[in-house]
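Peer 1: The following block contains the structure, expressed as structure tokens.
The values are calculated or read from the model by the stated rules, or taken from the named source; none is laboratory data. Since this is a predicted model, take the numbers as computed values, not measurements. Note that each Cβ is placed from the backbone with ideal geometry, even for glycine, and that neighbours are counted across all protein chains shown. All accessible areas refer to the heavy atoms of the entire protein, side chains included, with ligands and DNA or RNA removed. Shrake-Rupley method; radii C 1.70, N 1.55, O 1.52, S 1.80 Å.
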Amino acid sequence: MRIVDKLKQAEESGLPYFSFEYFPPKTEQRMGRTGPAFVAVTWGAGGATAQRTLELSEACQGIFGLDTLMHITCTNMDRDQVDQALAGARSAGVRNILALRGDAPRGDEFWSACSGGFTHAVDLVRYVREAHGDYFCIGVAGYPEGHSESTDPAQDLEYLAEKVRAGADFVVSQL
């Protein structure tokens with residue numbers, strides 16, 4: 001089920017809801033027994049755990065029956081790698097993607113796009129939406145206290161609006 005539909009359903013029921021995020025990706029099936037609205041599976045720094053992310057997402061979705069939000073970042077990911085990750089998610093029945101720019105790879109002081117890759121999360125959102133239409137429910141990050149690399153809260157809000165206009169269905173934040 002798409003996360004936005006799941007959250008709407010939870011809101012209408014009047015019952016509290018919650019989710020779990022697995023970071024870094026681990027196989028902890030006991031959390032599913034508590035009945036989360038969904039689980040999120042992180043991508044890992046610089047895509048280092050990409051295969052593990054896909055495997056855990058597939059297990060959460062297919063074996064444990066948990067609606068799964070699979071993270072994908074722009075870090076060290078060219079278009080072919082993104083296509084492979086999305087094809088894997090689709091094959092596993094994962095309908096929810098969190099499109100992130102991601103952090104700089106370990107050992108790098110600053111973030112930079114790889115050759116043939118994406119520069120910003122909004123570029124990834126556009127690409128997923130163009131390539132897959134409405135198949136994926138796409139989430140993006142929002143920064144209520146401002147992005148760590150930003151000095152302009154108004155610009156942060158504009159970047160968030162741009163991600164939504166590009167096709168994001170929902171926004172998550174960490175407080």
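Peer 1: Select from the range 165-175 the residues that are touching a Pro at 6+ places or on another chain (Cβ under 7 Å) and open to solvent by less than 30 Å² (accessible area, probe 1.4 Å) and list them in ascending order.
Peer 2: Hits for the range 165-175: nothing passes.
Peer 1: Return the pair list, or none, for Cβ contacts closer than 9 Å from residues in the range 49-76 that are closer than 21 Å to V172 by Cβ to residues that are of a type in the set (D, E) and surrounded by fewer than 23 Cβ atoms within 10 Å (Cβ to Cβ), at least 6 apart or on different chains.
Peer 2: Filtered contacts from the range 49-76: C60/D67; Q61/D67; T68/E58; L69/E21; H71/E21; T73/D103; C74/D123; T75/D103.
Peer 1: Limited to the range 118-131, what total is found for residues that are open to solvent by less than 20 Å² (accessible area, probe 1.4 Å) and either at pLDDT below 85 or assigned to a loop (DSSP other than H, G, I, E, B) (or both)?
Peer 2: Looking only at that region, the number is 1.
Peer 1: Cβ-Cβ under 8 Å, sequence separation 6+ or interchain: first residue in the range 119-146 and in contact (Cβ under 8 Å) with a residue 60 or more places away in the chain and under 18 Å from H71 (Cβ atoms), partner assigned to a loop (DSSP other than H, G, I, E, B) and of a type in the set (A, V, I, L, M). Which pairs?
Peer 2: Within 8 Å, the pairs are G139/A168.
Peer 1: Something else about it: Which residue is most open to solvent (accessible area, probe 1.4 Å), if the candidates are limited to the range 58-71 and must be of a type outside the set (D, E) and in a helix (DSSP H, G or I)?
Peer 2: Across the range 58-71, the extreme among qualifying residues is I63.
Residue-by-condition table, conditions (1) within 16 Å of the chain's Cα centre (by Cα); (2) modelled with pLDDT of 75 or more; (3) surrounded by fewer than 16 Cβ atoms within 10 Å (Cβ to Cβ):
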site	(1), (2), (3)
M1	yes, yes, yes
Q9	no, yes, yes
G14	no, yes, yes
M31	no, no, no
G44	yes, no, no
L56	yes, yes, no
T73	yes, yes, no
Q84	yes, yes, yes
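Peer 1: Of the residues that sit in the range 132-164 and are open to solvent by 80 Å² or more (accessible area, probe 1.4 Å) and of a type in the set (S, T, Y), which one is farthest from R101 (Cα to Cα)?
Peer 2: Among those residues, the one meeting the criterion is T151.
Residue-wise test of (1) at pLDDT 90 or above; (2) part of a helix (DSSP H, G or I); (3) over 18 Å from T73 (Cβ atoms).
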{"site": "S91", "(1), (2), (3)": "yes, yes, yes"}
{"site": "D103", "(1), (2), (3)": "no, no, no"}
{"site": "T151", "(1), (2), (3)": "no, no, yes"}
{"site": "A154", "(1), (2), (3)": "no, yes, yes"}
